[in-house]
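These notes are about the structure you will find just below.
The values are calculated or read from the model by the stated rules, or taken from the named source; none is laboratory data. Keep in mind it's a predicted model, so treat the numbers as computed, not measured. For neighbour counting, all protein chains shown are included, and Cβ atoms are generated from backbone atoms with ideal geometry for every residue, glycine included.
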Amino acid sequence: MSRGWLIVWAHRDELLQGLATTLWISALAALASLALGGLLSIALMSRHRGTARSARAFVDTMRCVPFLLFVYVVYYGLPSFGIVLGNWTAGLSALIVYNTGYMGELIAAAWRALPREVIEAGHAFGFHRFSLFRRIILPPVALAAAPMIGNQVVQIVKDSAFLTIIAVAELTHAATNIQSFYFVPFAAFLSAVLLYWVLCVAIEQGVGLAQAVAERRR
Amino acid sequence: MTTPLLEVRGLRKCFGAHVVLDDIDLVLARGETVCILGPSGAGKSTFLRCLNWLEKPDAGTILLGGERIGHRPGGEAPMRDKELARVRTRMGMVFQQFALWPHLSALQNVMEAPLHVQRRPRAEVRAEAEALLAKVGLADKREAFPAHLSGGQKQRVGIARALAMRPELLLFDEPTSSLDPELVGEVLSVMEDLRRDGMTMLVVTHEMGFAREAANRVVLLDQGRVVEEDVPERFFTAPRAERTRQFLARYANSLSPNPPPRVPAKVHE
């Protein structure tokens, strides 16, 4: 038993490097999918029917496809259309596109919940188009959606573990390597689990702070 | 003869087959306060919302200081979003449900449009916003967020927010209807101050006392038509239309045993 922990300790650099990759890829995916999700929410809320329907179709597709399959499609499927991505790029793209669907939908949900008069007051006071979105709609929507966005970021961190199947050297991949070389499954995997746990608790703390800010305005 | 501040001719609005506003005419001179009364569903709010094109009228002309609202000069082409946004800043609007921006403090609510729509200098806007909050009796609440204000306080912020645009005309859409009865007076007294300062105001309201005391003219709207328009003395004591008599009688009944209608409380300083 203790042999397992000693081996993992001896390879802690590998594990921490995996953690760093997980952190990086999750952070990039979270920021990009949040920004793209914001744009997607505009399409979802559009008065233009075709735009709203296409956006809705995209969201529904992302919500119905298992992430693992989606990664397979991006990494192994796209090359048949001449799109060849490296494993890191393929993994990051898959995380971004997949989560843009979720982010867009949860931002749109908070938008729908905003009282109609609040937006109408924006119109009455001369805001229109982008200034209306940027100054009147987005800030309260972002505050209201912050807890859900936090949950989605946790989901991104966990989904990034799937990228081990296309050999992205993230935390799960590092743990798998150590265990398959020395056959120490319990110590290797539990170490990875603990590190994921620490990461998710940290994200939840961040969400708690955001909620405290939102609470003053509710 | 000087140009009236607001001139509405033949305003018409339908929702589907239902005619909400039918050929409405109304003229406001600068500095006048006109109250619009009427049963719910009469089209009062829709009328106000047509004036700044929050609802698009189906026919009619709206002139603000001689400029046509909603249509581009010399034609029937509707204004673009940007042009509409500009003319809307000439009319301040106060909403029944306050409609303050929840993510901004009281002071930020007042400063938001002057800063980001009119793009006036921040120092000037801030000084003016602070003065306006003081004027409505909320100097000590400027850092508070809407969620922490009472209904009456929210509505007074709403009025300060509308005034900060330096509008030529203020539109009030049932400003006291969602307030607890004991908070109505503080909002009406602010409106009374504005009237005395010479602000031009169009007020949709159920406050008979305010209409009687503060209005230059009172309009009764019913089923999308102007039933009666007169100075308050005659409107309340010797109405010409039978419908007006019915309306006033029903109000008198529903108000008793609290007659006479409320006179606004003394000014906040």
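Is it the case that region B:132-147 has a residue that's within 19 Å of B:V190 (Cα to Cα), within 14 Å of chain A (Cβ to nearest Cβ) and either part of a loop (DSSP other than H, G, I, E, B) or small (G, A, S) (or both)?
no
Name the residue that is nearest to A:L132 (Cα to Cα), counting only residues in region B:102-125 that are of a type in the set (V, I, T) and more than 7 Å from every other protein chain (Cβ to nearest Cβ). Working first, answer last.
If we filter region B:102-125 for residues that are of a type in the set (V, I, T), which is where we start, we get B:110, B:117, B:125.
Filter again for more than 7 Å from every other protein chain (Cβ to nearest Cβ), leaving B:110, B:125.
Numbers: B:V110: 16, B:V125: 20 Å.
Filtering first and then ranking leaves B:V110.
Report yes if A:F125 is crowded, with 17+ Cβ neighbours inside 10 Å, within 14 Å of chain B (Cβ to nearest Cβ) and modelled with pLDDT of 95 or more, otherwise no.
Working: crowded, with 17+ Cβ neighbours inside 10 Å: yes; within 14 Å of chain B (Cβ to nearest Cβ): yes; modelled with pLDDT of 95 or more: yes.
The answer is yes for A:F125.
Within region B:171-197, which residues are surrounded by fewer than 23 Cβ atoms within 10 Å (Cβ to Cβ), touching a residue at least 40 places away in the same chain (Cβ under 8 Å) and either within 12 Å of another protein chain (Cβ to nearest Cβ) or under 25 Å from B:A85 (Cα atoms) (or both)?
Once the filter is applied, which keeps residues that are surrounded by fewer than 23 Cβ atoms within 10 Å (Cβ to Cβ), touching a residue at least 40 places away in the same chain (Cβ under 8 Å) and either within 12 Å of another protein chain (Cβ to nearest Cβ) or under 25 Å from B:A85 (Cα atoms) (or both), region B:171-197 yields B:E174, B:S178.
Restricting region A:1-47 to residues that are outside any helix (DSSP H, G or I) and aliphatic (A, V, I, L, M), which is nearest to A:G101 (Cα to Cα)? Break it down stepwise before answering.
Restricting attention to region A:1-47, the residues satisfying the condition of being outside any helix (DSSP H, G or I) are A:1, A:11, A:45-47.
Among the residues that remain, those that are also aliphatic (A, V, I, L, M) are: A:1, A:45.
Details: A:M1: 44, A:M45: 14 Å.
My answer is A:M45.
If you go through region B:57-101, how many residues are in a loop (DSSP other than H, G, I, E, B) and either hydrophobic (A, V, I, L, M, F, W, C) or within 10 Å of chain A (Cβ to nearest Cβ) (or both)?
Step one: of region B:57-101, the residues in a loop (DSSP other than H, G, I, E, B) are B:57-58, B:65-66, B:69-70, B:72-77, B:79-80, B:89-90, B:95-101.
Narrowing further to those that are either hydrophobic (A, V, I, L, M, F, W, C) or within 10 Å of chain A (Cβ to nearest Cβ) (or both): B:69, B:77, B:79-80, B:89-90, B:95-101.
Residues that pass the stated criteria total 13.
Okay, residues lined up against (1) within 14 Å of chain B (Cβ to nearest Cβ); (2) without any contact (Cβ under 8 Å) to a residue 60 or more places away in the chain; (3) out of contact with any Leu (no Cβ under 9 Å at 6 or more places or on another chain):
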position	(1), (2), (3)
A:A174	no, no, no
A:S180	no, yes, yes
A:F183	no, yes, yes
A:L190	no, yes, yes
A:V201	no, yes, yes
A:Q205	no, yes, yes
A:A214	yes, no, no
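Identify, from the list A:L85, A:L78, the residue that is outside any helix (DSSP H, G or I) and away from every other protein chain (no Cβ under 12 Å).
Details: A:L78 fails: outside any helix (DSSP H, G or I).
Only one candidate qualifies: A:L85.
For region B:41-55, indicate whether the set of residues that are assigned to a strand (DSSP E or B), away from chain A (no Cβ under 14 Å) and on the phi < 0 side of the Ramachandran plot is non-empty. Don't jump to the end; show me each part of the working.
Our first condition is that a residue be assigned to a strand (DSSP E or B); within region B:41-55, this holds for none.
So far as region B:41-55 goes, no, none of its residues is assigned to a strand (DSSP E or B), away from chain A (no Cβ under 14 Å) and on the phi < 0 side of the Ramachandran plot.
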